[in-house]
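Below is one structure, written out as structure tokens, with a few remarks after it.
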Amino acid sequence: MSEHCVWQNLRVATLAPRENDAWGIVEDAVIVTKGDHIAWLGERSALPLEFAHADRTVDLKGALVTPPLIDCHTHLVYAGNRAHEFELRLEGASYEAISRAGGGIRSTVAATRAASEDELFALACERARALMREGIATLEIKSGYGLSLSHERQSLRVARRVGEALGIEVKTTYLAAHALPEEFAGRSDEYVAALCEWMRELHDENLIDAVDVFCERIGFSREQTRTVFEHAKALGLPVKLHAEQLSDQGGAALASEFGALSCDHLEYVSDDGIAAMARAGVVAVVLPGAYYFLRETQLPPIEKLRASGVPIALATDHNPGSSPTLSPLLMMNMACTLFRMTPIEAWLGFTVNAALALGLPAARGRLEAGAKADFVAWNASHPRDLVYRFGHSPLHQLVLKGQAHEALDV
Ligand code: DI6
Ligand code: FE
């Protein structure tokens, strides 16, 4: 028999819109969980008698309950850091120049290859725990700092192990097309052919949930991106794209042709790119951490994306080079202050639209009867309070499968 638990003394923001309220707020609410799903959710006064008798009652002391957050774009598996490059950039070197000089992604590749699988696992778990302390319970993790068959396999295996160890859902993304490894210098087409072969093997090992490419002057060309996408398509794998982060490569239109789950970054996306995304139902993932940390000045075209009806998701883009943040709440604040998104858009960006960017149902970003018994209790009274404050996590409890999660202690 699964445990029947009544959670009371709380207010819920379901994010399922009701009448004039986009937040779906339920005041003086009760949540009834049965094992790992929500059996009932609503106002206390409407609690049906059949649910009133519980095996366990939890008093949430007036907390605000929301759906857990979803981080739909991270590069969590790597060793080392790039604090030195941060200093170089402050002295005037550009991100692209550092990359062309052999630093950037390739310096993290060297550190990652030198680490053992257990070291990478410990580092990635520590980062995932930090995200969970701000309410994350679903996480996308990209490979892309291995860049050989065995090192990419190792990164993807580490990503899977993080999910199992922490009891959260991890979606893995194969990003071998992130940078050209040294051993393929001057032979980028051969590298693309090789990584497409590896894709087949790693797919057979069930290590890949989606395929991504860094389509950029310092990454891979549009034609190379097409080759990678064709291989993914032949294997039935969904694609996503690092598109128009530093320049317009026509990546968004290409990804839309392949029915991509998402196009990410998008500072330099064209009107045609946006139109193609709208037609194909591609999610825009905007990444204020990378925008801020690279001191970018070209804003992603939020107003045009909005007007075209493209769903907008947000993520941390956690990585050592362009976005070393582990704070989804800070990203929500920055999405509002820097990108002029609204607080409800920021929340939908880390819940409903982030689910879509991972190929999960939108309902994964809402709290409703029948949903998984996963939610976050915050010491706050309204979700907009969490967007407004920054540099602070008022998390009270992360509840997964109907149980308060224990693994968050430092
Ligand atoms: N775009 C990014 O912002 C990250 N990867 C990518 O394709 C940066 C990765 C890094 O600098 O290590
Ligand atoms: Fe990224």
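What follows draws every value from the coordinates through simple rules; no lab data is involved. None of these values were measured; they are calculated from a predicted model. Cβ placement follows ideal geometry from the backbone for every residue including glycine, while neighbour counts extend to all protein chains displayed.
If one computes the Cα centroid of region 151-197 and of region 217-242, what distance in Å separates the two points?
Taking the Cα centre of region 217-242 as reference, the centre of region 151-197 is 13 Å away.
Rounded to the nearest angstrom and ordered from largest down, what semi-axes does the equivalent ellipsoid of region 142-205 get from its C-alpha gyration tensor (root of 5λ)?
Equivalent ellipsoid of region 142-205: 25, 11, 8 Å, largest first.
With a 10 Å Cβ neighbour count serving as the proxy for reagent exposure, in which order, fewest first, do Tyr388, Tyr268 appear?
In order of increasing Cβ crowding within 10 Å: Tyr388, Tyr268.
With angles folded into 0 to 90 degrees, how steeply does helix 222-234 sit against the dominant principal axis of the chain? Use alpha carbons for both and round to 10.
Tilt of helix 222-234: around 50 degrees.
Which value in Å does the Kirkwood hydrodynamic radius of the chain take, with 1/r averaged over all unlike C-alpha pairs and then inverted?
21.7
What is the order of Phe390, Phe258, fewest Cβ neighbours within 10 Å to most?
Listed from fewest to most nearby Cβ atoms, that is Phe390, Phe258.
Putting +1 on Lys and Arg Cβ atoms and -1 on Asp and Glu Cβ atoms, find which of Ser45, Thr74, Ala255 reaches farthest to the positive end of the dipole of the chain.
Ser45
Would you mind classifying region 88-142 by shape? Square roots of the alpha carbon gyration tensor eigenvalues, ordered a ≥ b ≥ c; an a/c under 1.5 is rounded, otherwise it is prolate if a/b is larger than b/c and oblate if not.
oblate
Can you check what the Kirkwood hydrodynamic radius comes to for region 1-107, Cα pairs only, in Å to one decimal?
After inverting the mean inverse Cα-Cα distance, the result is 18.0 Å.
Take the Cα of Ala111, step 7 Å along the line toward its Cβ, and report every residue of region 77-95 whose backbone nitrogen sits under 17 Å from that point.
Residues 77-90, 95 fall inside that zone.
Add +1 for every Lys or Arg and -1 for every Asp or Glu among the other residues with Cβ under 12 Å from the Cβ of Phe121, and state the total.
Residues near Phe121 contribute -1 overall.
What is the dipole size for the chain, taken about its Cα centre, with +1 at each Lys and Arg Cβ and -1 at each Asp and Glu Cβ, in debye to the nearest 20?
That gives the chain a dipole magnitude of about 400 debye.
Report the residue, chosen from Leu90, Leu299, Leu147, that carries the largest GNM mean-square fluctuation when the chain is represented by alpha-carbon nodes joined by springs under 10 Å.
Leu90
Going toward the positive end of the dipole of region 69-363, with +1 on Lys and Arg Cβ and -1 on Asp and Glu Cβ, which of Phe184, Leu246, Gly102 do you reach last?
Among Phe184, Leu246, Gly102, the one farthest towards the positive end of the dipole of region 69-363 is Leu246.
Could you work out [θ]222 nm for the chain from helices alone, using -39500 (n - 2.57) per DSSP H run of at least four and dividing by all its residues? Round to the nearest 500 deg cm²/dmol.
Mean residue ellipticity at 222 nm (helix-derived): -10500 deg cm²/dmol.
With the cut-off at 1.5 for a/c, could you classify region 318-410 from its C-alpha gyration tensor as rounded, prolate or oblate? Don't skip to the answer; put the middle values down first.
Details: a/c = 1.44, a/b = 1.24, b/c = 1.16.
Taking the square roots of the gyration eigenvalues as a ≥ b ≥ c, region 318-410 is rounded.
I'd like the distance between the alpha-carbon centres of region 78-123 and region 273-306, rounded to an integer number of Å.
25
Quick one: compute the contact order of the chain, relative version, from alpha carbon pairs under 8 angstrom and 6+ residues apart, as a percent.
Across the chain, relative contact order equals 19 percent.
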